Amino acid sequence: MYASSLGDDGAELCPLQPWQAEEFLAHMDRGREFIGRFNGLPDVVTDTAGARAFLRAYAEKEAADAGLIRGIRLDGTLVGAVILRRFDAAQGTAEAGCWLEPAAVGRGLVTRAVRVLIDWAVRERGVHRVEWWVSAGNAPSIAVARRLGMRKEAVLRESHLYRGERHDEEIWSVLAPEWTGGTAGAVQGS
């Protein structure tokens, strides 16, 4: 299996496959409450079968060129993931997403991992627009969008029903001509 370094702190970006369902479930169990604050994944991945089904769905998306998942590892331990929830090469659009367990927060792992994902989508696959949909209450995820040079385009008021409550969702994006790798000088959102 290959892995891409995310820096000199032992962090790596690597594929996640259905055969890794038990490891994926253990990761989800470590972060279930934290991840579940804004992400419904912990409600889906509750056992090995659910973990395998989720990873299989992304393996099928990747085979169909319609999405992908990559794990974030820190010192060999799976601590989070980044995804392209939607990927449409013909339209040149994609939607990125992420999650991280609490022990790995505050190290810039998500920003670094999503930067690699967007860079691949834009530079290798010719994607023109990458979106980031986020709960308006998820300040850390909004901070990632800003660090990556995304612009906030919309607030969909009370559009997302999650665990019995309606939440506002924000849509952020970056276009290929704006993409600088999410470094200084990138277009900033507000």
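Things worth noting here:
- Test result for residue 55, more than 15 Å from the chain's Cα centre (by Cα), closer than 28 Å to residue 181 by Cα and open to solvent by less than 30 Å² (accessible area, probe 1.4 Å): no
- Pairs where the first residue, in segment 47-67, is closer than 15 Å to residue 27 by Cα and the second is at pLDDT below 95 and open to solvent by 70 Å² or more (accessible area, probe 1.4 Å), C-beta under 8 Å, 6+ apart: 50/44; 54/44
- When 96, 113, 103 are screened for being within 19 Å of residue 39 (Cβ to Cβ), touching a strand residue (DSSP E or B) at 6+ places or on another chain (Cβ under 7 Å) and surrounded by fewer than 22 Cβ atoms within 10 Å (Cβ to Cβ), only 103 passes.
- Sub-9 Å Cβ pairs linking a first residue in segment 111-131 that is more than 16 Å from residue 70 (Cα to Cα) to a second residue that is of a type in the set (Asp, Glu) and open to solvent by less than 50 Å² (accessible area, probe 1.4 Å), at least 6 apart or interchain, are 130/95; 131/95, ordered by first then second residue.
- Within segment 118-133, the residues that satisfy the criterion of being part of a helix (DSSP H, G or I) and open to solvent by less than 10 Å² (accessible area, probe 1.4 Å) are 118, 121.
- For segment 16-31, the set of residues classified as within 18 Å of residue 97 (Cα to Cα) and open to solvent by less than 10 Å² (accessible area, probe 1.4 Å) consists of 16, 24, 27, 28, 31, listed by residue number.
- Condition check for residue 141: over 17 Å from the mean Cα position of the chain (by Cα), within 26 Å of residue 44 (Cα to Cα) and outside any loop (DSSP other than H, G, I, E, B): no
- Within the option set 83, 69, being of a type in the set (A, V, I, L, M), open to solvent by less than 40 Å² (accessible area, probe 1.4 Å) and touching a Cys at 6+ places or on another chain (Cβ under 8 Å) holds for one residue only, 83.
- Condition broken by residue 34, with the remaining ones in (1) more than 25 Å from residue 118 (Cβ to Cβ); (2) open to solvent by 60 Å² or more (accessible area, probe 1.4 Å) satisfied: (1)
The values are calculated or read from the model by the stated rules, or taken from the named source; none is laboratory data. Fair warning: this is a prediction, and the values are worked out from it, not measured in the lab. So basically every Cβ, Gly included, is an ideal-geometry build from the backbone, and we count neighbours across all protein chains shown. Ligands, DNA and RNA are stripped out before the accessible areas are found, and what is left, the full protein with its side chains, is counted by its heavy atoms. Shrake-Rupley method; radii C 1.70, N 1.55, O 1.52, S 1.80 Å.
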